[in-house]
Structures are given as structure tokens and as C-alpha cells.
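What follows is a single structure, and I will ask about it in a moment.
The values are calculated or read from the model by the stated rules, or taken from the named source; none is laboratory data. Being a predicted model, the structure only gives us computed values, none of them experimental. Every residue, glycine as well, gets a Cβ built from its backbone with ideal geometry; the counts of neighbours run over all protein chains shown. What goes into the accessible areas is simple: the full protein's heavy atoms, side chains included, and nothing from ligands, DNA or RNA. Shrake-Rupley method; radii C 1.70, N 1.55, O 1.52, S 1.80 Å.
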Amino acid sequence: SPSFHWDHSYRTLPQALWVDQAPETATNPRLVYWNRPLAEKLGLDSGPPDAAMLAGSRLPPGAAPLAQAYCGHQFGHFTQLGDGRALLLGEHLPPGGGRVDVQLKGSGQTPFSRRGDGKAALGPMLREVIFGEALQALGIPTTRGLCVVATGAPVYRETPLPGAVLTRIAASHIRVGTFEYAVRCEDRTVLPALQAYTRTRHDPEVPAGDVAAWLRRVCTRQAQLIAKWMSVGFVHGVMNTDNCHVGGETIDYGPCAFMDVYHPETVFSSIDHYGRYAYANQPQIAAWNLAQLASCLLPLIDDDEGAAIEAATAAVRGFAEVYQAAWLAVFRAKLGLAQAEDGDRALIEALLSRMARLRADFTRVFRGLADGSARAEFAEPEGFDAWAADWRTRLAREGATPEARSGALRAVNPALIPRNHRVAEAITAAEGGDFAPFHRLVEALARPFDAPAPEDEALTAAPAAHEVVRATFCGT
Ligand code: AMP
Ligand code: MG
């Protein structure tokens with residue numbers, strides 16, 4: 001079984017932030033997914049694990065499970081949360097350096113479970129693996145699934161579903177919501193301890209005394225992350241403050257999805273009735289989440305409240321600036337533009353608005369720019385032509401050879417994303433006991449920029465009208 005090299009630095013934090021908690025025992029654990037590339041990267045070179053070990057039944061030696069406390073704004077409303085169905089086993093220190101959290105998700109109830117059963121269904125855990133691996137391969141910071149164990153016991157949602165435990169690897173599990181919890185602790189040492197710990201863990205280069213500089217660092221990282229989501233048409237779906245990772249990783253994949261047809265108002269989550277977390281709202285929501293973090297940090301930024309508010313406000317404003325620049329940079333690259341010109345934003349926006357109006361597939365249009373197939377993605381291809389003329393005029397000023405340009409376009413515009421209908425298909429098959437489509441999808445998603453193998457062509461196709469997935473569910 002994997003040879004974790006444990007450390008337990010989170011336990012050095014005040015006890016208010018965590019509680020000891022043992023996992024529940026799985027009835028009949030069976031390994032259904034083992035992420036070999038990730039295991040290798042982490043130096044866990046001893047082959048696939050004993051299923052019972054990563055279902056919580058028999059812990060890996062040296063693991064010391066705890067549940068983390070946190071709060072969160074869910075759809076704008078403040079709530080007391082915490083790990084209700086997850087346990088931190090400890091931090092693994094990979095031989096190559098660094099520190100990652102190893103967390104079980106779906107391992108049973110904790111003091112933070114509220115009315116929940118502490119369990120996870122197989123489908124959502126496979127979903128988390130699929131999206132984590134997809135984002136990873138697209139170069140987007142994310143937590144990742146190391147392993148999925150089917151527990152052999154049902155979990156009861158609207159219907160009984162097969163249960164599972166996911167082993168999740170993350171740079172940490174410190175959320176904006178962890179700070180929202182800390183600032184409300186009666187013990188005034190909790191907040192500074194958490195901030196010092198988080199800075200040391202994620203941003204050791206930021207001076208310890210400069211909390212405003214650290215907040216700016218967190219804002220910058222989040223801005224870069226959201227720009228990357230936008231560049232691939234990713235909709236997180238539940239950008240609550242408890243799902244906003246201070247280390248800048250994408251975390252807590254629930255009803256997330258990639259857009260097929262481009263539209264800025266795209267929403268998939270069945271619980272997001274007002275479109276709060278729609279595609280185009282994601283930057284504003286991230287800024288709102290960071291404003292919650294900023295307000296938690298005020299007492300640490302400056303003893304003078306006015307000065308603290310000023311520094312915190314400036315940091316959160318910085319988000320918009322970094323985001324705009326990062327967005328422009330990623331979309332310039334998506335158009336094959338290496339140089340910056342004043343009209344570039346307008347050129348990008350003109351393409352996007354045509355795509356929205358003419359119901360064009362986001363991924364296929366951008367990929368199609370490399371090989372001349374973008375035009376065919378538009379309901380009225382003439383609608384693309386006028387824009388394409390402007391684009392060619394602009395490209396002519398770049399001076400790259402057509403071959404170099406096509407190569408550059410293919411390096412940033414993926415052919416393959418986890419299409420909702422393919423994800424649904426893979427999960428449905430797995431729930432019925434056939435894991436082959438799931439494994440094939442995850443394997444293909446590791447190389448999103450390659451020309452797809454003939455047998456993977458179907459994975460890159462846009463959904464037919466009857467295949468379109470309009471809503472996704474938390475499934476918690
Ligand atoms: P999530 O939607 O996964 O981000 O979870 C939001 C909050 O609900 C977190 O505090 C979770 O720990 C908790 N939660 C979600 N599902 C369950 C469950 N089945 N049992 C207990 N707590 C849960
Ligand atoms: Mg969450």
C-alpha cells in the first residue's frame with residue numbers, strides 16, 4: 001500500500017480549528033480508481049492501495065484523522081459548516097519536496113455533519129475525479145482524486161445509490177470560510193495563528209508582518225485561477241466562500257460543468273435558481289468572496305481601523321485589475337496573438353458575442369481556429385466571416401508562419417474537455433458496474449491538447465440536441 005510520509009502540522013493550530021474524528025468502517029470496500037500518475041508524482045511508489053485502508057476501515061499507518069472547522073457564505077447566506085463528511089488524514093511530504101493534504105471524503109459523520117449522513121455517493125466522487133484530472137491537464141490549479149473506493153453499502157438520497165470514499169489530494173484545505181470561522185472564535189489567538197500558518201504554508205516569500213501583502217497575493221492567485229476557468233468555459237457552480245481555496249486551487253466539485261454552446265449566462269447547477277454562479281458572474285463572485293476574507297483579516301492588517309479598511313479595499317480592488325489582465329492574456333493566446341494591441345479586447349469580445357448569438361460551441365470554435373473548422377460551428381457561418389476577416393488582418397501584423405500559429409493555437413485551445421453528456425454516460429455506466437467508459441474518459445482527458453485518437457473522436461464531439469445536459473446536481 002502507498003507509503004505516505006506523514007506530517008501533522010495542522011494539529012499545531014489551536015484546537016478550535018479541528019476535532020479528532022475516526023472514520024466509519026466500510027462494509028465491503030472495493031478499489032475502483034487509483035490515480036497512478038498522481039501516486040508517482042507524490043512518490044507513493046508501492047502500487048495500488050489496500051481498499052480497506054482508503055475507505056477508512058483500517059487507516060494507513062501514521063494517519064491521524066481530524067475534521068476541520070469552517071464557516072461559509074452559501075449563496076450569500078452565512079452558515080456554520082466544517083468537514084461534515086470528510087477527514088484530513090494528515091499531510092504527506094513527497095520526496096521531491098512540498099506538502100499536500102490527504103483527505104478522505106465520504107468517510108462518515110463528524111461533529112460538523114448537521115443533519116447529513118457523512119457519506120458520499122459513487123457518482124459525485126467519480127465526477128470529482130473526472131473534473132480534477134481534466135483541469136489538471138488543462139494547466140489549472142486543482143485538488144485531485146488519488147483513489148476511489150466503493151464501500152459496498154448504499155447511501156440514501158432520493159433513491160439508494162452506491163456509496164464511495166474519495167481520497168483527495170490538495171495543497172491544503174484552507175478556505176475563505178476557515179477564516180470566517182477563525183474571526184468568530186472567542187479565543188483571539190485563533191485568527192492570527194491561522195493566518196501565520198497559511199502564509200507559511202502557501203506564501204512563505206510574503207513577509208510575516210505584512211498581512212495586506214498576503215491578502216493581495218491571495219487575490220492575485222484567485223484572479224489568475226478564475227481567468228483560467230473562463231478560458232476553458234468552466235462553470236464551478238457553487239462558489240460559496242467555503243469552496244474558495246486560499247491557496248488558489250479549484251476545490252469542491254459539485255454541480256460544475258464545461259459549457260458546450262457559449263453563453264455568458266450559462267448555469268448548470270440545479271440549486272442555483274438565480275444564476276448567482278453563472279459563467280460570466282464568476283469573477284464578481286470571486287471578488288465578493290475575497291472581500292469576505294479581507295473583512296476577516298482587518299484586525300490583523302492594521303490596529304487603525306481606517307487604515308486597515310483602506311489597505312483591504314485596495315487589495316480586493318486589485319483583483320479586478322489582475323483578472324482583466326489575466327483574462328486578456330489567456331484570450332489573446334486563444335486567438336494566436338503573441339503581441340498586445342489596443343483593439344484586442346474588442347476583437348475577442350466580438351467573437352464571443354457572435355458565438356453567443358449564433359449558438360456556437362465554445363471549445364470547438366477555439367480549437368477550430370487552428371485548422372479552419374471554426375466557421376462550421378456557427379448556426380449561420382456567414383456570421384463568423386466578417387469577424388474572421390478582422391482576425392486575419394490582425395494576425396497579419398503578428399508575422400508568425402501559419403504552421404507556427406496553428407501549433408500555438410492547438411497548444412492553448414483544447415480539443416477535449418469533459419463534455420457533460422460524456423461525464424453523465426461514464427457515471428451511469430459505473431453506477432451499473434461498468435467502469436470502462438469512466439477509465440477511458442479519464443485517460444483521454446490527460447491529453448486535452450493532442451489531436452484526438454480516432455477512437456476518442458466521439459469524446460470531442462458536441463452533444464446532439466437530445467444529448468444536451470441542462471442541469472447538474474450536487475448529489476451530496
Ligand atoms: P459541499 O457542498 O460538498 O461543499 O458541502 C457543504 C457542506 O455540507 C460541508 O460542510 C460538507 O461537509 C457538508 N456536507 C455535504 N454533504 C454532506 C453529508 N452527506 N453529510 C454531512 N455533511 C455533508
Ligand atoms: Mg464545500
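Between ASP203 and ASP385, how many nm apart are label points set 7 Å from Cα along the C-beta direction?
Using points 7 Å along Cα→Cβ, the separation is 5.2 nm.
Below 8 Å between Cα atoms, with a sequence gap of 6+, how large is the relative contact order for region 311-469 in percent? Walk me through the numbers on the way to the answer.
On the way: 143 pairs, mean separation 33.2, N = 159.
Relative contact order here is 21 percent.
Compute the distance in nm between two label points, each set 7 Å from the Cα along the Cα-to-Cβ direction, one at VAL19 and one at ALA464.
Between VAL19 and ALA464, the label points sit 5.2 nm apart.
Report the gain in length on full extension from ASP50 to SER270: 0.36 nm times residue separation, minus Cα-Cα distance, nm rounded to one decimal. Intermediate results must be reported in sequence, preceding the final value.
Working: separation 220, 0.36 × 220 = 79.20 nm, distance 3.62 nm.
Gain on stretching ASP50 to SER270: 75.6 nm.
Same structure, new question: So if I take the centroid of the Cα atoms in region 444-471 and the same for region 369-387, what is the distance between those two points in Å?
Each part reduced to its Cα centre gives a spacing of 19 Å.
What nm distance separates the two modelled labels at ALA314 and ARG114, each placed 7 Å from Cα along Cα→Cβ?
3.8 nm
Taking amide H positions as placed 1.01 Å from N in the peptide plane, with prolines and chain starts having none, which residues 5 or more places from THR472, or on another chain, fall under 5 Å of its amide H?
So THR472 has HN proximity to SER269, SER270.
On the protein heavy atoms, probe 1.4 angstrom, tell me the percent of accessible surface of region 179-313 carried by carbon and sulfur. Let's see the in-between values first.
On the way: 2500 of 4850 Å².
Of all accessible area on region 179-313, carbon and sulfur atoms account for 52 percent.
If you don't mind, another one. Would you mind working out the accessible area per residue for region 305-451, using a 1.4 Å probe, and quoting it in Å²?
For region 305-451, the solvent-accessible area averages 46 Å² per residue.
Between ALA346 and ASP187, 0.36 nm times their residue separation minus their Cα-Cα distance comes to what?
Here the answer is 52.1 nm.
Within 10 Å, count the other beta carbons around each residue, average over each peptide in 186-193, 112-119, and list them highest first. Walk me through the numbers before you get to the answer.
Values: 186-193: 13.9, 112-119: 16.1.
Peptide ranking by packing, descending: 112-119, 186-193.
Any idea which of VAL469, ALA223, TYR10 is furthest toward the positive side of the dipole for the chain, if Lys and Arg beta-carbons carry +1 and Asp and Glu beta-carbons -1?
Result: VAL469, furthest along the dipole toward the positive end.
Could you pull out every one of the lysines with an alpha carbon less than 27 Å from that of LYS228, ignoring same-chain neighbours closer than 8 positions?
Cross-link targets: LYS41, LYS105, LYS334.
Follow-up question, since we're still on this one. Looking at the chain, do any whole DSSP H helices span at least 24 angstrom along their long axis by alpha carbon and average 0.5 or above on Kyte-Doolittle, and which?
Values: long enough: 211-232 (32 Å, 0.39); 282-301 (28 Å, 0.94); 305-334 (44 Å, 0.52).
Going by DSSP H runs, the hits are 282-301, 305-334.
Quick one: net charge around LYS228, please, counting Lys, Arg +1 and Asp, Glu -1 for every other residue with C-beta under 15 Å from its C-beta. Each step should come with its number before you reach the end.
On the way: positive: ARG221, ARG332, LYS334; negative: GLU249.
Combined, the nearby Lys, Arg, Asp and Glu give +2.
Can you give me the relative contact order of region 146-220 as a percent, contacts being Cα pairs under 8 Å and 6 or more apart? Walk me through the numbers before you get to the answer.
Details: 52 pairs, mean separation 12.6, N = 75.
After rounding, I find 17 percent.
Roughly how many percent of the accessible protein surface of region 335-476 is carbon and sulfur, given a 1.4 Å probe and a whole-percent answer? Intermediate results must be reported in sequence, preceding the final value.
Details: 3740 of 6940 Å².
That share works out to 54 percent.
Another question, then. With every protein chain present, what is the per residue accessible area of region 166-234 (1.4 Å probe, Å²)? Walk me through the numbers on the way to the answer.
Details: 2190 Å² over 69 residues.
For region 166-234, the per-residue accessible area is 32 Å².
What does the net charge come to around LEU66 if you take all other residues with beta carbon closer than 13 Å to its beta carbon, with K and R at +1 and D and E at -1?
Values: positive: ARG11; negative: ASP20, ASP83, GLU91, ASP101.
Net local charge, LEU66 excluded: -3.
Further question on the same structure: Under a Cβ-Cβ cut-off of 11 Å, what is the net charge of the residues other than ALA26 that fall near it, where Lys and Arg count +1 and Asp and Glu count -1? Don't skip to the end; give the middle numbers.
Numbers: positive: ARG30, ARG58, LYS119; negative: GLU24.
Charge balance in the 11 Å sphere: +2.
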